[in-house]
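Shown next, in structure tokens, is the structure this report addresses.
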Amino acid sequence: MTLWSENLKKIDPSWRAPQANQFAEAVSKGSDAVLTLLQVMKEGDASQRSDAAEALGLIGDTRALAPLRAHLQDSDAGVRVNVAVALIRVGDAGLFPEIVKALRHEDSKVVVGAALALGRLGDKRVVPNLVEAFKTENFEVGAAVAWALGQCKDPAALPWLITAVEQGFAVANACEALGRIGDIRAKQILLRALSYSAADVRAYAARALAMLAWPTAQNLGPAAMRSGSMEQDKVHKALKRLLKDRSAKVRLCASLALYELGEKSAGHQVVRELGGPA
């Protein structure tokens with residue numbers, strides 16, 4: 001874990017940064033590492049099995065197909081997700097429609113696992129299926145599906161994610177997804193989300209605003225550029241108000257967003273929030 005992630009965890013214990021695969025070196029060895037990784041799948045703990053499955057998927061050696069299939073019923077949900085993703089990457093074409101089908105399962109845990117697997121794959125073909133699964137009142141399902149939609153980065157999901165924010169459903173996850181998609185049409189709803197009562201929502205909305213594809217002089221005429229500049233000024237002002245937010249996580253995300261949007265002076269606050277010298 002990087003110092004950045006360690007400090008973020010101190011600021012907000014709910015922060016979960018993606019961990020580097022512990023078998024990254026094995027991936028670099030390619031097929032020579034397959035047998036070792038398969039042994040880890042047999043004997044390792046859940047964390048090791050999960051990373052080994054991911055590594056096998058990245059290597060793509062077909063010798064791993066049968067052993068991986070044996071772990072589709074693994075006792076750990078995270079392992080099952082990584083095994084499913086690995087099998088599809090290695091070439092188990094029949095599993096892809098099975099995972100898509102699982103989005104309609106009556107067990108919410110199965111739906112969550114399917115959404116996470118499809119998000120890891122990031123295939124835009126499943127966006128309509130994910131949108132259908134998003135029509136739920138189950139928060140865990142909604143959060144997983146929103147994350148998956150963000151990973152697919154398809155603007156077709158925009159209306160559903162915006163509606164989720166408007167209706168107060170899995171709002172932080174929907175804001176994060178809107179940022180990953182990067183469509184400028186999400187600007188207004190993200191601006192409104194900056195005033196949300198939950199700190200996570202304010203934080204992710206702030207980060208998402210910096211991830212949008214803002215217009216540039218190269219792809220707009222002078223009049224449209226002036227209008228775009230005025231809109232961006234509104235965003236800068238809204239983010240600056242968050243620099244005094246009661247939540248350190250919100251302050252950090254707002255200052256980072258401002259820095260990425262061109263306010264280089266905001267970099268000093270990023271450093272301060274992470275515990276470094278101003």
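The values are calculated or read from the model by the stated rules, or taken from the named source; none is laboratory data. As the structure is a prediction and not an experimental result, all values here were calculated from the model. No Cβ is skipped: glycine too gets one built from the backbone with ideal geometry, and neighbour counts run over all protein chains shown.
General observations
- When N173, N138, N129 are checked against the criterion of being outside the structural domain of A84 (by TED's automatic domain parsing), buried (at least 24 other Cβ atoms within 10 Å of the Cβ), touching a residue at least 24 places away in the same chain (Cβ under 8 Å) and of a type outside the set (S, T, Y), a single residue qualifies: N173.
- Residue ID - nearest to S195 (Cα to Cα), chosen from residues in the range 246-270 that are over 24 Å from the mean Cα position of the chain (by Cα) and not small (G, A, S): R246
- Matching residues, the range 260-273, being in a helix (DSSP H, G or I) and touching a residue at least 40 places away in the same chain (Cβ under 8 Å): E260, E273
- In the set L194, L261, only one residue is touching a helix residue (DSSP H, G or I) at 6+ places or on another chain (Cβ under 7 Å) and modelled with pLDDT of 95 or more; that residue is L194.
- The range 240-259: number of residues that are polar (S, T, N, Q) and assigned to a loop (DSSP other than H, G, I, E, B): 1
- Subset of the range 248-278 [of a type in the set (A, V, I, L, M) and farther than 16 Å from L212 by Cα]: A248, V250, L252, A266, V270, V271, L274, A278
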